[in-house]
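Reading through the structure tokens given below for one structure.
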Amino acid sequence: MAAAPPVFRSSFLSSQPLPHNHSSTTYIPTSIRATATSPDQPPAAPLKHRRPADENIRDEARRHTSSHNFSAKYVPFNADPTSTAESYSLDEIVYRSRSGGLLDVQHDMDALKKFDGEYWRSLFDSRVGKTTWPYGSGVWSKKEWVLPEINSDDIVSAFEGNSNLFWAERYGKQFLGMNDLWVKHCGISHTGSFKDLGMTVLVSQVNRLRKMNKPVVGVGCASTGDTSAALSAYCASAGIPSIVFLPANKISMAQLVQPIANGAFVLSIDTDFDGCMHLIREVTAELPIYLANSLNSLRLEGQKTAAIEILQQFDWQVPDWVIVPGGNLGNIYAFYKGFHMCKELGLVDRIPRLVCAQAANANPLYLHYKSGWKDFQAVKAGTTFASAIQIGDPVSIDRAVYALKKSNGIVEEATEEELMDATAQADSTGMFICPHTGVALTALIKLRKSGIIGPTDRTVVVSTAHGLKFTQSKIDYHSKEIKDMECRYANPPVQVKADFGSVMDVLKKYLLSKDTKLH
Ligand SMILES: Cc1ncc(COP(=O)(O)O)c(C=O)c1O
Ligand SMILES: N[C@@H](CCOP(=O)(O)O)C(=O)O
């Protein structure tokens, strides 16, 4: 039997046309086949010629357009996959099925299955960390699985994704007795949250629709701060008007200033997120404003790439657990979908167990889970430091329940004190996480305590936003200014007089508390 050709990384890979009716089980495009034949020698990659000086990366991509027969369409969520009764082109403006249910983007899996898992792993691996348009993005490096039919020229990307999978060595060891704990830093991103992953897809599709002269005058969302930041940045980059509905006084200053700076039309509305969501749905039904919340299933196609990326970063080994903070509940489903696609297409042989973590003050999914998935009841979400998940009536509840059932998943909750303590502990080991990540860490602490998650289980906590967006909560905690909270891990600055003796006194006291050798 002929050996499969060895593979090397090449940024030319992105330009390779994928063959139709391919039959071999380990097809590797010719440009990524090794030229060296000896197994002892690393294969020599052909040098890529620098593009002409007057050409940019989009122009370069235009020269290398590939042809394939992958496609995707909208179908009612959780519909029978063999049923063709109701489906919509992605070029239609539709957010709900005929019966009013959620939609899902369904890929032509038969076309994707013409290529085996090894093919997809090699293709995706070959694109990481390059500047080739648009594959340098962690989202668009999986373009065939995201929006296969969009022209690369229509893509609006900030080379999002490819975020750090951080080994939480000290936090894991010190607080949880774990040695294989990882934090997927989705918030170390263009606008500081995982929303960039979905927004590049949605705004790219809008860009395409506008070029097709579809009636889209602007793009709108309701937001607890991160969706609006991502929407306004991607729209600004493409010159598309964005409109954001924000609950007045319920998001952080850092989040509020993002859409303002990016030139969005910002409405500060005297209601909560659920109220804003209700309003934007009514408005987008009346006006030619395209809905950018995750009710729109396009968003989840981008967000699912974070799951694929985690597998890729582990060299396609599957972690045991992935813990995701949940609010409007699109992301937990997006993670499930990414993992499930990798299994279905043969990149991995199983999927991790998923945990969705909610703030106890905004916990409709947790209550639903605890009731044994009986009737779902929306709640009035209370104030939480994890303000981006202060959501009582999540639009993707059905998607979340589906994802959790299919992944043998668990739902946990975190009180305000628990989430703030977990955040402070994580920060004390060198991270700088947002309170939502503190919610996810609390879930992990609880599941470790109950023994459900074992000390050697490979576990990934998804960090959804950058801690710098939530500095006020950290200031309040470290100055012990939170009512009814002990703030046990507060580390306030020491006020000291500006003289040598006073400085020496406090320093000696500090050093003695750290090291008994000084006694
Ligand atoms: C920082 C952050 N974490 C977590 C979430 C929850 O994601 P989802 O709404 O998809 O459940 C959101 C938004 O809701 C968020 O902005
Ligand atoms: N946390 C979100 C809430 C809206 O979620 P979406 O995913 O449905 O847009 C935000 O930042 O606005």
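The values are calculated or read from the model by the stated rules, or taken from the named source; none is laboratory data. Bear in mind that the values here come from a model prediction, so they are computed numbers and not experimental data. In this analysis, Cβ positions are derived from the backbone assuming ideal geometry, glycine residues included, and neighbour counts consider all displayed protein chains. Surface accessibility is based on the protein's heavy atoms, side chains included, excluding ligands, DNA and RNA. Shrake-Rupley method; radii C 1.70, N 1.55, O 1.52, S 1.80 Å.
Going by the alpha-carbon gyration tensor, a ≥ b ≥ c the square roots of its eigenvalues, is segment 102-240 rounded (a/c under 1.5) or, if a/c is not under 1.5, prolate (a/b greater than b/c) versus oblate? Write down the numbers at each step before the final one.
Numbers: a/c = 2.14, a/b = 1.32, b/c = 1.61.
Verdict is oblate for segment 102-240.
Per 0.36 nm of contour for each residue apart, how much would the distance between Met253 and His64 grow if the chain were fully extended, relative to their Cα-Cα spacing? Kindly include the intermediate steps, with their values, before the conclusion.
Working: separation 189, 0.36 × 189 = 68.04 nm, distance 4.35 nm.
Contour length minus the Cα-Cα distance gives 63.7 nm.
For the chain, what is the relative contact order in percent, using Cα pairs closer than 8 Å and at least 6 residues apart in sequence?
Numbers: 993 pairs, mean separation 65.5, N = 519.
Reported relative contact order: 13 percent.
Going by average Cβ neighbours within 10 Å, how do the peptides 505-511, 106-112, 197-203, 351-357 rank, with the highest at the top? Numbers along the way, then the final one.
Details: 505-511: 11.6, 106-112: 15.1, 197-203: 31.0, 351-357: 26.6.
Answer by packing, highest mean first, reads 197-203, 351-357, 106-112, 505-511.
Please say if segment 394-475 is rounded, prolate or oblate, where rounded means a/c under 1.5 for a ≥ b ≥ c the square roots of the C-alpha gyration tensor eigenvalues, and otherwise the choice is prolate for a/b larger than b/c and oblate otherwise?
Oblate, because a/c is 1.5 or more while a/b does not exceed b/c.
Can you tell me how segment 218-281 classifies by the Cα gyration tensor, rounded, prolate or oblate, using a/c under 1.5 as the rounded cut? Mind dumping the intermediate values first?
Details: a/c = 2.29, a/b = 1.41, b/c = 1.63.
Note, shape of segment 218-281 comes out oblate.
Which value, in debye to the nearest 20, describes the size of the charge dipole of the chain about its Cα centre when Lys and Arg Cβ atoms bear +1, Asp and Glu Cβ atoms bear -1, and nothing else is charged?
Values: 54 positive and 53 negative charges, 148 e Å.
Computed charge dipole of the chain: roughly 720 debye.
Given a 1.4 Å probe, how much area per residue of the chain is accessible, in Å²? Show your work: numbers first, answer last.
Details: 22770 Å² over 519 residues.
Value for the chain: 44 Å² per residue.
Between segment 330-348 and segment 237-315, how many Å separate their Cα centres?
Their Cα centres are 23 Å away from one another.
Divide by every residue of the chain the summed helix terms, -39500 (n - 2.57) for each DSSP H run of at least 4, and state the resulting mean residue ellipticity at 222 nm, rounded to the nearest 500 deg cm²/dmol. Mind showing how you got there, number by number?
Details: 17 runs with 177 residues, N = 519.
Rounded to the nearest 500, it is -10000 deg cm²/dmol.
Between segment 105-158 and segment 429-477, how far is it from one alpha carbon centroid to the other, in angstrom?
31
Counting Lys and Arg as +1 and Asp and Glu as -1, each charge on the Cβ, what is the dipole of segment 137-213 about the Cα centre in debye, to the nearest 20? Intermediate values should be presented prior to the final figure.
Details: 9 positive and 8 negative charges, 32 e Å.
In total the dipole reaches around 160 debye.
Give the ranking of Arg170, Arg50, Arg281, Arg299 by solvent-accessible surface, highest area first, calculated with a 1.4 Å probe.
Details: Arg170 125, Arg50 225, Arg281 90, Arg299 5 Å².
Final ranking, largest accessible area leading: Arg50, Arg170, Arg281, Arg299.
Asp153 to Val494: FRET efficiency via 1/(1 + (r/R0)^6), r the Cβ-Cβ distance, R0 35 Å, to the nearest 0.05? Mind showing how you got there, number by number?
On the way: r = 57 Å, r/R0 = 1.63.
Efficiency, from the Cβ-Cβ distance: 0.05.
Determine one quarter of the surface area of the Cα convex hull of the chain, which equals its mean projected area, and express it in nm² to one decimal.
Details: hull surface 121.5 nm².
For the chain, the mean projected area of the Cα convex hull comes to 30.4 nm².
Got a sec? Charge dipole of segment 360-447, +1 on Cβ for Lys and Arg, -1 for Asp and Glu; which of Ala386, Tyr402, Asn361 is way out at the positive end?
Tyr402
Using R₀ = 35 Å, calculate the FRET efficiency as 1/(1 + (r/R₀)^6) where r is the Cβ-Cβ separation of Lys509 and Thr456; round to 0.05. It would help to have the intermediate numbers written out before the result.
Working: r = 40 Å, r/R0 = 1.14.
Efficiency, rounded to the nearest 0.05: 0.30.
How do Trp145, Trp133 rank by accessible surface area computed with a 1.4 Å probe, from largest to smallest? Numbers along the way, then the final one.
Values: Trp145 0, Trp133 25 Å².
Ranked list, largest accessible area first: Trp133, Trp145.
Can you say what percent of the DSSP beta bridges in the chain, counting only those with both residues inside, are antiparallel? Round to 5.
On the way: 14 of 44 bridges.
Beta bridges within the chain, antiparallel portion: roughly 30 percent.
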